[in-house]
1. Would you kindly calculate the translational diffusion coefficient of segment 142-270, applying Stokes-Einstein with the Kirkwood radius from alpha carbon pairs, for 20 °C and a viscosity of 1.002 mPa s, and quote it in µm² s⁻¹ without decimals?
2. Roughly how many Å² is the accessible area per residue of segment 196-292, as a whole number, for a 1.4 Å probe?
3. How much of the calculated P(r) for segment 219-261 lies past 11 Å, in percent of all Cα pairs?
4. Accessible area per residue, 1.4 Å probe, Å², for segment 305-349: what's the number?
5. Please report the accessible area of Glu342 (heavy atoms, 1.4 Å probe, ligands and nucleic acids excluded) in Å², nearest 10.
6. Tell me, what is the 1.4 Å probe accessible area of Tyr14, in Å² to the nearest 10?
7. Search the structure for amide H atoms under 5 Å from the amide H of Cys365, placed 1.01 Å from N in the peptide plane, and list their residues when 5 or more places away or on another chain.
8. Which value, in Å² rounded to 10, gives the accessible area of Leu278 with a 1.4 Å probe and all protein chains present?
Amino acid sequence: AVATSPPRWEMGIYAAGALALLGIAAVNLWKLWRSGGYPAPSPFPNYDYRYLEQKYGAAYSEVKHKRGPAAGSQRAPGTTSPVRKSSLRADETFESITELGSLELMGRDLGLAHYGPLKKSISADSLSSISSIGNNFGQDFTVGQVEVSMEYEGKAATLHVTLLQGKDLLEKEDARFESCFMRISLLPAEQIVGISRIQRSAYAVAFDERFSIPLDPAALEENSLRFSVFGIDADERTVSTGVAELKLSDLDLATRPFNAWLYLQDTNKAVDTVGEILLSLSYLPTAERLTVVVVKAKNLVWTNGKVTADPFVKVYLLQDGRKISKKKTAVKRDDTNPVFNEAMIFSVPAIVLQDLSLRVTVAECGEDGRADNTGHVLIGPATSGMGITHWNQMLATLRKPVSMWHPLRRN
């Protein structure tokens, strides 16, 4: 028998099929990588693996082997600390090339059309030393916390809200209140949609009360819920002692339920504020990426009686009170209501997420090059008030940006 070669046209079909399969595989891998599910070749630029292994043991070794070191991640000359390395600059990280598409999508989610496109912060200042910020930021005045859960029933156009439990709803040193209750209101109309039973103990309360609120799907994008606690004194007078608010559009209730602890702000104590700042937080667990969007600020009060100033915003990533990374926005000229729309991306291992916090500082750029701090916000699991409420909402709605206004505390 004589062996004959396949015809050329048949070999061409095989070659074309192989190329098509390779192309399909390449497209799918690219889509997976863009979605954050494919491990990026860059290591976590803000952390030293030896420090993580020292604190968390061998549980982190798998991540270390999963992502090898990248170029530019060597320790800076003269740095002898065994626990961390300086963060990479933005143009040295692989994410700086690939994040723009995600930022455009996040900008649409945040509704930034009126304020211009969302930009990525180009500043990623390395920190040459481990310095402590301390715990002298000042905190929101809070009175207790309440655990709530929510789910939306689309067919019945009904929002179900459950008060689960509460802790320290009244201050222990305030003896004028003998009991308390909670009220749920729908904003902005301030319509009362639920009132809990009266609780004799305000320090460990099991509510387990469910309220059903008729609500059109469109209203989820427009309304907020206010949770208020009221103390009842010996004369049966009711006094509002603490409130917490949730913006329903931040919770993605149309697709999944929501559950979180809310920290109630004390309504009877004055807070020295120097303006407000709108921030958005989101965490992508597959890529272990924390994104902080500095949207805008308003009603800024300048230091030292200045009539005008040029503001910018600094964002510190802190772990155990130490500065891990710092980024800042561009300077806005002579504006007490500046719009920034800048996204700052931090690589954050999920295992250390609960040990982190953010300090966001509004500063004034002076003519001599020095910057005076106007005010600041502290956000994270170890904070209180709006700071921890925002952090908990971010963790409860992973992958979705959650925006919230924060009062700026005077430095």
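The values are calculated or read from the model by the stated rules, or taken from the named source; none is laboratory data. Note that the coordinates shown come from a computational prediction; the quantities given were computed from them, not determined experimentally. Here Cβ is always computed from backbone atoms with ideal geometry, including for glycine, and neighbour counts include all displayed protein chains. With ligands, DNA and RNA removed, areas are computed over all heavy atoms of the protein, side chains included. Shrake-Rupley method; radii C 1.70, N 1.55, O 1.52, S 1.80 Å.
1. Answer, rounded: 143 µm²/s.
2. Here the residues of segment 196-292 average 46 Å² of exposed surface.
3. 72 percent
4. Values: 1490 Å² over 45 residues.
It amounts to 33 Å² per residue over segment 305-349.
5. Probe radius 1.4 Å; accessible area of Glu342 about 10 Å².
6. Probe radius 1.4 Å; accessible area of Tyr14 about 140 Å².
7. The list, which skips near neighbours in sequence, is Asp310, Phe312.
8. Counting only protein heavy atoms, Leu278 exposes about 30 Å² to solvent.
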